[in-house]
1. Specify the residue that is farthest from the chain's Cα centre (by Cα); the eligible residues are those in region 281-327 that are hydroxyl-bearing (Ser, Thr, Tyr) and closer than 18 Å to ALA58 by Cβ.
2. Cβ contacts < 9 Å: first residue over 23 Å from TYR11 (Cα atoms), restricted to region 141-153; second residue at pLDDT below 95 and within 12 Å of the ligand (Cβ to nearest atom), any location; separation 6+ or different chain. Result?
3. Please find, among ASN96, ASN102, ASN48, the residue that is more than 20 Å from ALA288 (Cβ to Cβ) and modelled with pLDDT under 95.
4. Which pairs do you get when a residue that is more than 13 Å from the ligand (Cβ to nearest atom), found in region 309-328, comes within reach of a residue that is in a strand (DSSP E or B) and among the small types (Gly, Ala, Ser), reach meaning Cβ atoms under 6 angstrom, with the pair 6+ apart or on two chains?
5. May I ask you to list the residues in region 169-185 that are aliphatic (A, V, I, L, M) and assigned to a loop (DSSP other than H, G, I, E, B)?
6. Does ILE76 satisfy the condition of being under 25 Å from GLY199 (Cα atoms), among the aliphatic types (A, V, I, L, M) and outside any helix (DSSP H, G or I)?
7. Kindly provide the set of residues from region 186-203 that are assigned to a loop (DSSP other than H, G, I, E, B) and surrounded by 16 or more Cβ atoms within 10 Å (Cβ to Cβ), ordered by number.
8. Do we have any residue at all in region 43-55 that's within 19 Å of ILE121 (Cα to Cα) and of a type in the set (A, V, I, L, M)?
Amino acid sequence: MSIRIAGTGRYIPEKVLTNADLERMVDTNDEWIRTRTGIEERHIAAENETTSDMAYQAGLQAIEAAGITGSDIDLIIVATTTPDYAFPNTATLLQNRFGAKNAFCFDIYTACTGLISSLEIAFALLESRKTYRHALVFGAEKLSCITNWTDRNTCVLFGDGASCVLLEKDDGAEESALLASALHANGQYANILKLPAGGSAMPACQKSIDENLHTIHMEGKETFKLAVGSMVSACEEVIAQAGISPDDIALVIPHQANIRIIQAVAKRLTVPNEKVYCNVAKYGNTSAASIGICFDEAVRAGQIKRGDIVLMTSFGGGLTWGAILIRY
Ligand code: ACO
């Protein structure tokens, strides 16, 4: 018995917000955004389009690719920092739309590390639960609704989107698709990347609205420094765990936060740039959605083939970070 990746999907909202558009909103310019982040444009969900709406579209593609139906799904996990509601969880809303009446559902809240955290949990649950055969794992974000559109330090960075990975138990296969994983957290840095209001620490009130505390607050420089070292060490950990060499990896998919972070990670891992997936120019940072969007793009473009080893690594609020090695 093993677990394989049976399908993938992604959804990118229609509306494009370019750097030129941002120049008209805050004191910034295309040159600064491109050279400091690599971002050229990002997509923004429609006002009435929710995180679950976007995830639903990504899920339909994954289900179609795997050739299953809603009633075959046993588990739905949604990684997000922008759920439709605090409760019910986003996964349950999707269960209803997919007609996945047998599925257990929950959301995971590890910011940009969400998709890889959820994948590891899904693999573990499929392994431990005899009756589970199919798991839908989503990374989905409507970051535009927690972005302060008057803060040039953050508003140029983020975008909206959703991705899905469908895992299937395969009685015939011998090796599981998850070759190795390393997940870490350090609450000492909880304050450098946070959404200050809306939880029990600061419920919504006039002050929280007036001071824009329902939006992303980030110490960019500090986050940058910690991101590179953490992702590199997590990648080295999984490469060692699996007993492979970096040359065996067909594609590295890092979280898409900033092209300088992505290039610094690739350099320290001694992986050539052509083996490092990068679409941050088109979508900006879509947090939990980003790795799955890259993965689906690469699969559908034939850049990842069956049997290929893919290294995924991420870093985000918490702080949380990690890496997983997958055989597609
Ligand atoms: N346009 C023009 N100037 C700007 C802008 C902007 N949009 N934003 C900041 N600046 C200015 C700053 O005010 C500063 O000016 P000063 O020197 O006069 O004070 C100057 O540019 C340099 O700012 P820095 O913060 O030093 O810029 P840096 O090179 O560090 O880049 C950035 C900033 C892009 C945010 C970078 O630090 C970064 O990418 N950090 C990591 C972000 C990340 O990885 N987040 C991950 C998780 S996100 C999540 O979990 C939801």
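The values are calculated or read from the model by the stated rules, or taken from the named source; none is laboratory data. Predicted model, so just to flag it, every value in this text is computed and none were measured. Every residue, glycine among them, receives a Cβ derived from its backbone with ideal geometry; neighbour counts consider all protein chains shown.
1. TYR283
2. So the pair list comes out as ASN153/GLY220.
3. Only one candidate qualifies: ASN102.
4. Going by the 6 Å Cβ cut-off, the qualifying pairs are GLY322/ALA182; ALA323/ALA182; ILE324/SER181; LEU325/ALA180.
5. Passing the criteria: ALA173, ALA177.
6. It is true that ILE76 is under 25 Å from GLY199 (Cα atoms), among the aliphatic types (A, V, I, L, M) and outside any helix (DSSP H, G or I).
7. Step one: list which residues in region 186-203 are assigned to a loop (DSSP other than H, G, I, E, B), which gives 186, 195-203.
Once the filter is applied, which keeps residues that are assigned to a loop (DSSP other than H, G, I, E, B) and surrounded by 16 or more Cβ atoms within 10 Å (Cβ to Cβ), region 186-203 yields LEU195, PRO196, ALA197.
8. yes
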